[in-house]
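Please read the structure below before turning to the comments.
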Amino acid sequence: MLVGHLGLALIGKRVRPDAPLSLLVGAAFLPDIIRAGLDPVVSPGWTNFLSHSIPSGLVLAGLSALAAAVRPTTRKAGIAVLAAILRGSHLPADYLTGCKPTWIRGPYVGLNLYQRPLYDLALELPLLIAGLRIARPVLTGEGWLLRRWAFSACL
């Protein structure tokens, strides 16, 4: 899931308008960011385990909450919890679109909708649109996101 994670981050922005959108998007995409950094230097099996498994999800959710808690502008428990929840939402969302590891030598789980792009689009596009509509009232500083070119780039 790609734009679906952005939709979830936007919904999080509506829940906590005082949270920076950059923090929420970073938390929602953290496993993909880590995988992108590890891909050139680590084997694919380990890259997936270190970025998208259940144990790494728990560790990264804690790190997301910690990052939000120590940041001076977001030093609020609610924002830290939201960052952890957004990080935690990544794996279940990816179970729908991909096939991800559970733990070391554990099974891979997922519907693998990436193999059926129309189904994937039917899942992710409404999630992005819903996130944009839900967050619209609180996106005053991020007006660029509501422009057509930004939406087209997401697609």
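The values are calculated or read from the model by the stated rules, or taken from the named source; none is laboratory data. As the structure is a prediction and not an experimental result, all values here were calculated from the model. Every residue, glycine as well, gets a Cβ built from its backbone with ideal geometry; the counts of neighbours run over all protein chains shown. Please note that ligands, DNA and RNA were not included when accessible areas were found on the heavy atoms of the full protein model with its side chains. Shrake-Rupley method; radii C 1.70, N 1.55, O 1.52, S 1.80 Å.
See the values below:
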item	result
Extension gain, THR102 back to ILE34 (0.36 nm per residue minus Cα-Cα distance, nm)	22.8 nm
Peptides ranked, highest mean first, by Cβ atoms within 10 Å: ranges 82-93, 47-58	82-93, 47-58
At least 27 Å along the helix axis (C-alpha) and Kyte average at least -1.0, DSSP helices within the chain	77-97
Cβ-derived FRET efficiency at R0 22 Å, VAL59 paired with ARG14, nearest 0.05	0.20
At 1.306 mPa s and 10 °C, Stokes diffusion of the chain via Kirkwood alpha-carbon radius, µm² per second	99 µm²/s
222 nm mean residue ellipticity, helices alone, for the chain (DSSP H n ≥ 4; -39,500 (n - 2.57); rounded to 500)	-22000 deg cm²/dmol
Solvent-accessible surface ranking, highest first, for VAL59, VAL41 at 1.4 angstrom	VAL41, VAL59
Convex hull volume per residue for the range 59-137, taking Cα atoms only, in Å³	97 Å³
Binned Cα-Cα distances of the range 1-66, short to long, each 10 Å bin given as a whole percent	22, 46, 27, 5
FRET efficiency estimate (nearest 0.05) - Cβ-Cβ, TYR114 to TRP46, R0 25 angstrom	0.75
Percent accessible area from carbon and sulfur atoms, the range 1-106, protein chains only, probe 1.4 Å	74 percent
Value of relative contact order over the range 1-108, rounded to a whole percent, pairs C-alpha under 8 Å and six or more apart	32 percent
